[in-house]
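First comes the structure, then the notes that go with it.
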Amino acid sequence: METVKKNSLEEINSTIPVPTGKARFIKKLFAFSGPGALVAVGYMDPGNWITSIQGGAQYGYLLLSVILISSLIAMLLQVMCAKLGIVTGMDLAQATKALVGQRTAIILWLTTELAIIATEMAEIIGSAIALNLLFNIPLLLGVVITVVDVLLLLILIKFSIRKIEAVVFCLIITIFIIFSYEVALTHPNLSLIIRSFIPQTEILTAHVSGGDSAFFIALGIVGATVMPHNLYLHSSIVQSRQYAREDPQALEEAIRYATIDSNMQLGFSFIINCLLLILGASLFFGKNPEDIGRFAQLYNALQDHNMAGAIASSTLATLFAIALLASGQNATITGTLTSQIVMEGFINFTLPLWQRRIINRLIAILPIITGIYLWGEKGDVIEKLLVYTQIFLSIALPISMLPLLYLTSSRKRMGSFVNCKTFIIIGWLANAVLIVLNIQLIIKTMNMLFS
């Protein structure tokens, strides 16, 4: 391990050429597109899946408005991340360290690394369960197999960041197509769906026997939407484009295209999360909540005519498992990049990619393997670990959000690109609401686990 001081993700920093002058809009947008896809995968990981599908299964389309509001907040925060990286030439970790100093930076680094590992645990669990559903591979063996994806990332990184972006985007499209197809077969109530994007007071009061309250699931949706590692990732990878760092006009153009890219990709993740909730509502609303709580139950339900009706088939169930596997692999790729960003940004240390990848993965699989060893091959036990990872992410989230808003609202640091007053107000309000909701999520989840 060696001490270094360099640009964020120096191996890809300013490596992707972009058109200059009066090039066509589409050509420029294509050149700047890609970072948004890497960020978007954090908004459709296995942790989000269970929450969205359970919300639909237990409360119909009621919680679609929660997904909408959460996604809009996420879009705002990710635009701030992109702007921070483009204007200051620093990622969020570097900028936060410059703000708080070395000692506090070490604490923040440890917290953020743990958040990355918690995120990776969710991806490992999702991938292992998908392998079990698709190929009947035991969960323990599936967890071990996920270590092999280290090789996939090492191969991809040797080509270019554009290759990684392309692979991730293809996986996102795969997930989108699968759930669009499955939802279309269920013939959902479109007029009711549209009305459900307007928040309703029932979100605070609704409760079904045998299931979680609508408010609790809504907290889960909000708490799992904005992932801490995405904020660091986006502020770094936007710097991979070759825009003129000292030209205000070039910076403005880079921000504009980065904003379009981010919002388009997060729009995809918003649609996918809505599709998950609509699928849960269309197939399982009104059924016993205990019958649709886990991935394996959802997989079985999609091929059970008693649950899914006339559209039930093994093909639908297989497509669901494939999408779950794609989701897990997607987020695994971005987690490694983020680990490098925070390590170099907070403490100025670097490790070879393969070492960092293996260390992160081994740390992440340890509690999962321990759980399987202690309680056996029980999917419900392993999926409970998803709850614990979401709790920790909820705790870690404000640590990343608050510096981001403070830095991008500082005229001294951002100059003419400082957040407008409207964004500052919305940003601080959103931060406050998210923090309060996450605290409530933690309290309610702990009460549920120990009751």
Three-way shape call for the range 94-227 based on the alpha-carbon gyration tensor, with the a/c threshold at 1.5: oblate
Rounded, prolate or oblate (a/c below 1.5 giving rounded, otherwise prolate when a/b exceeds b/c) for the range 40-141 by Cα gyration tensor: oblate
Computed lengthening from K163 to L29, 0.36 nm per intervening residue step minus Cα-Cα distance: 46.6 nm
Close Lys-Lys pairs in the range 28-450, where close means Cα under 20 Å and separation is 8 or more or interchain: 8
Nearest 10 degrees, 0 to 90: helix 379-408 Cα axis against the chain principal axis: 30
Accessible solvent surface per residue of the chain, calculated while the other protein chains remain in place, 1.4 angstrom probe, Å²: 41
Mean Cα-pair separation over length for the range 28-450, i.e. relative contact order, pairs under 8 Å, 6 or more apart, %: 37
Label-to-label distance, nm, for residues given as M264 and W375 (7 Å Cα→Cβ offset): 4.3
With Cα atoms, 0 to 90° folded angle of helix 46-59 axis to the chain main axis: 50
Euclidean distance between Cα centres, the range 252-281 to the range 168-209, Å: 14
Separation of the Y388 and F450 label points, Cα + 7 Å toward Cβ, nm: 1.5
Highest to lowest packing among 24-32, 7-15, 274-282, 401-409, scored as the average C-beta count within 10 Å: 274-282, 401-409, 7-15, 24-32
Packing-based order for 76-88, 185-197, 46-58, 105-117, using average beta carbon neighbours within 10 Å, highest first: 46-58, 76-88, 105-117, 185-197
For the chain, convex hull volume per residue from C-alpha positions, Å³: 143
Cut-off 13 Å (backbone N to label point 7 Å along Cα→Cβ of D304), residues of the range 194-208: none
Residue-count net charge about N273 - beta-carbon cut-off 15 Å; Lys, Arg +1, Asp, Glu -1: -2
About the Cα centre, charge dipole magnitude for the range 31-145 (Lys/Arg +1, Asp/Glu -1 at Cβ), debye: 280
Check: the chain dipole with +1 on Lys, Arg Cβ and -1 on Asp, Glu Cβ, in debye: 1280
Expected 222 nm ellipticity per residue - DSSP helices of 4 or more, -39500 (n - 2.57), all of the chain, to 500: -25000 deg cm²/dmol
C-alpha long axis of helix 102-135 to longest principal axis of the chain, angle in °: 40
Net +/- balance of residues flanking T119 in space, Cβ distance below 13 Å, scoring K and R +1, D and E -1: -3
Extension gain from A296 to R103, taking 0.36 nm per residue of separation minus the Cα-Cα distance: 65.0 nm
Portion, in percent, of the accessible area of the chain that falls on carbon or sulfur, probe 1.4 Å: 67
Formal net charge of residues neighbouring F417 (Cβ-Cβ distance under 10 Å; K, R +1; D, E -1): +2
Estimated vicinal HN-Hα couplings, Hz - the range 225-234 in sequence order (Karplus 6.51, -1.76, 1.60; Gly, Pro = x): 6, 8, 8, x, 5, 5, 5, 6, 4, 5
FRET E, pair V433, E202, Förster distance 22 Å, beta-carbon r, rounded to 0.05: 0.70
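The values are calculated or read from the model by the stated rules, or taken from the named source; none is laboratory data. This is a predicted model, so every value here is computed, not measured. As a convention, Cβ positions derive from the backbone with ideal geometry for all residues, glycine included, and neighbour counts pool all protein chains shown. For accessibility, only protein heavy atoms count, side chains too; no ligands or nucleic acids. Shrake-Rupley method; radii C 1.70, N 1.55, O 1.52, S 1.80 Å.
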